[in-house]
Ligand code: SF4
């Protein structure tokens, strides 16, 4: 493995932390959160953190086995990775149930905001941003802290105690950014230095979990970004920078930043762009530094975009698309969503019309179509997953556009939504389904054996129902989410976050 900037330490007098990405090396090494944790933990003198991935059974640093580590720390980025977490523990002969093993298993990352499906397997969950509490946790652990002291650390949820837990977040992003990042040609973004311009998003798309759980929106100062980029390029000997942020094109000085970076002669990539904030200077900087592809997410037609609170006009999508093609972008991937509440064939036909318009511009269009998965802590947490047969029919309508289309495996979408909206009882089902082979059939059998209806977790819920994850407080008031849920059906839009606003409860 041709990696640079790997940390090597003598582990004999250290707390050994296994930092596990429960998916492939390629995906994990392109994840900024994973790089932050590696840097943060290894900046502690008394700690040595080593990496594991789904496709590596031994640590990359010292070829140690997972069971040699005192703390096993997973980052949970995607719901379906829950099965990989079980797989990694089992394959490494570590008891799955927390009451049957000596190692401490901790989990952080976006999906930890609903810890309940993994509650029987995980000792502690980190709610929010680990920069704020991971060091305190490890220090307390090294002093022999028990579940009572560890769960008193802000943002730490103990499965045993089931304590009310309020999210923690970094208030000043300028304070810290990992500089010496591991460079690997096999990471999804190549040997790219990841520069995080902002965190959280103030747009409030009603389906988006990050949009609610990573509030408030914060930005790094332009001067600090310049400094981080300069130091990062040198420390990593990197020729490419990827700008990371929920919607990096929303960063107020994005054009200045692109100009600054392209003048430094590094390649630029921006994985997350919005059609209505994409400008010519941004596209020119991307093309000038070698990027020839980008992604946009129109999601659906105008009516449903309004319903999900992503009111981007068709004109903006067409303008951004045409401008990108005219300036030299060769490959644009469009993300679409099906299963939005109240969606009709009229909406889908209108969307087909928009795709055809885009096809006239570029000659070909690439689509990625995904069902709407209701997520906890969002206004859509009360929605159920649409029936798979209806979703299939809707996808058939989109095929009328006759363009290249990747469609998410709908059976896996069913499992994803189940985990997304699961409760503690799902732990037993997950464990069985894992041993029965992980597919839809395995889940059916596990549900049946546990006496639970197969569609139980993906049902629509009433807003008066107590939800499994209510002890986890991400700062957004339930009353605000209910209001947003109701507004969506009236097609009412909520404006983006702004100075002095107190509406959702986070600020
Ligand atoms: S209080 Fe207002 S500005 Fe703050 S996160 Fe909520 S909506 Fe955004």
For the pair residue 482/residue 147, report the inter-label distance in nm, with labels modelled 7 Å from Cα in the Cβ direction. 3.3 nm
Please give the contour-minus-distance gain from residue 507 to residue 454: 0.36 nm per residue of separation, less the Cα-Cα distance, rounded to one decimal in nm. 15.2 nm
How much length would be gained if the chain were fully extended between residue 404 and residue 9, taking 0.36 nm per residue of separation minus their Cα-Cα distance, in nm to one decimal? 137.3 nm
Could you list the residues of segment 157-197 with an amide nitrogen less than 13 Å from a label point located 7 Å from the Cα of residue 227 in the Cα-to-C-beta direction? 173-177
One finds, for residue 26 and residue 235 with R0 = 22 angstrom and r their Cβ-Cβ distance, a FRET efficiency to the nearest 0.05 of 0.45
Return the calculated 222 nm mean residue ellipticity for the chain, to the nearest 500 deg cm²/dmol, obtained by summing -39500 (n - 2.57) across DSSP H runs with n ≥ 4 and dividing by the residue count. -10000 deg cm²/dmol
Among 494-501, 325-332, 254-261, the order from most to least packed when residues are scored by Cβ within 10 Å on average: 254-261, 325-332, 494-501
PRE zone check, label point 7 Å out along Cα-to-Cβ of residue 97, amide N under 16 Å, scope segment 152-175, hits 160
Heads up, segment 1-73 by the C-alpha gyration tensor (a ≥ b ≥ c square roots of eigenvalues; a/c under 1.5 rounded, else a/b over b/c prolate, else oblate) looks prolate
Just subtract the alpha-carbon distance of residue 356 and residue 387 from 0.36 nm times their residue separation and send over the number in nm, one decimal. 8.4 nm
Which peptide among 89-97, 485-493, 369-377 comes first, and what is the full order, when sorted by highest mean count of other Cβ atoms within 10 Å? 369-377, 89-97, 485-493
Where does each of 458-464, 107-113 land if you order them by average Cβ count within 10 Å, highest first? 107-113, 458-464
Would you work out if the chain is rounded, prolate or oblate? Take a ≥ b ≥ c from the square roots of the eigenvalues of the alpha-carbon gyration tensor; rounded if a/c is under 1.5, else prolate when a/b is larger than b/c, oblate otherwise. oblate
Points 7 angstrom from Cα along the Cβ direction at residue 499 and residue 188: gap in nanometres? 3.6 nm
Please state the relative contact order of the chain as a whole percent: Cα pairs under 8 Å, 6+ residues apart? 14 percent
Assuming a ≥ b ≥ c are the square roots of the Cα gyration tensor eigenvalues, decide whether segment 11-166 counts as rounded (a/c under 1.5), prolate (otherwise, with a/b larger than b/c) or oblate. rounded
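Rule-based calculations on the coordinates, nothing more; no lab input. Note that the structure is predicted; figures quoted are calculated from it, not measured. So basically every Cβ, Gly included, is an ideal-geometry build from the backbone, and we count neighbours across all protein chains shown.
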